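K.L.:
I'd like to ask some things about the structure below.
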């Protein structure tokens, strides 16, 4: 039994989740607290990966980050290797798979924060950045923590975008979802069943903290 796909998937999902929490929370804050020209377009672009087929997203990534693209040239010059068909490409795929849902939900959570606390902080001389860290995030942390668990679970299970940009290279880019597909295609039903049970157990373990923090969010709102 080769457990490499499991360890790779955990690493990919962990890095992708950190990126989503960092960039996604900031983007959700901008969308929930700022008015600017092109805001509707930005929201539509964030939603777009949710409605496009994964193969289309994978194709876009191949075009944008391939070795022939300017971005691909820059990446290869900095890191000494191409991005596509590496485990780093799987991180990008997992990020695109999970970020849109996180941003949409995080924006809704941040919009429920009582703006009077933020105004009070501003009136006492706190900067917008300080208010974000000391007031907004503490009030929204339960909801965002619930989203973090769901983001990790979603990053763990990406298949369509991953196989397009990272491929199916055993021992290098083969994640759990790709390994399941490969096992089914090769007729290895026993391996496929084991991997499916592993993914299901991980997803169930991640849903519990998500549900716990979600209940805490509703209780806080009721108070």
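Where a number appears in this text, it was derived from the coordinates with a stated rule and is not lab data. The model shown is predicted, which means the values in this text are computed figures rather than measured ones. In this analysis, Cβ positions are derived from the backbone assuming ideal geometry, glycine residues included, and neighbour counts consider all displayed protein chains.
K.L.:
Can you list the helices (runs of 4 or more DSSP H) found entirely within the range 90-193 that contain at least 1 residues being in contact (Cβ under 8 Å) with a residue 60 or more places away in the chain and closer than 14 Å to residue 5 by Cβ?
P.N.:
137-156, 160-165, 176-185
K.L.:
Which residues, counting only those in the range 20-50, are surrounded by fewer than 18 Cβ atoms within 10 Å (Cβ to Cβ), closer than 13 Å to residue 102 by Cα and in contact (Cβ under 8 Å) with a residue 24 or more places away in the chain?
P.N.:
Within the range 20-50, 23, 47, 50 meet the criteria.
K.L.:
Does any residue of the range 76-88 turn out to be assigned to a helix (DSSP H, G or I), within 17 Å of the chain's Cα centre (by Cα) and surrounded by 13 or more Cβ atoms within 10 Å (Cβ to Cβ)?
P.N.:
Yes: one or more hits.
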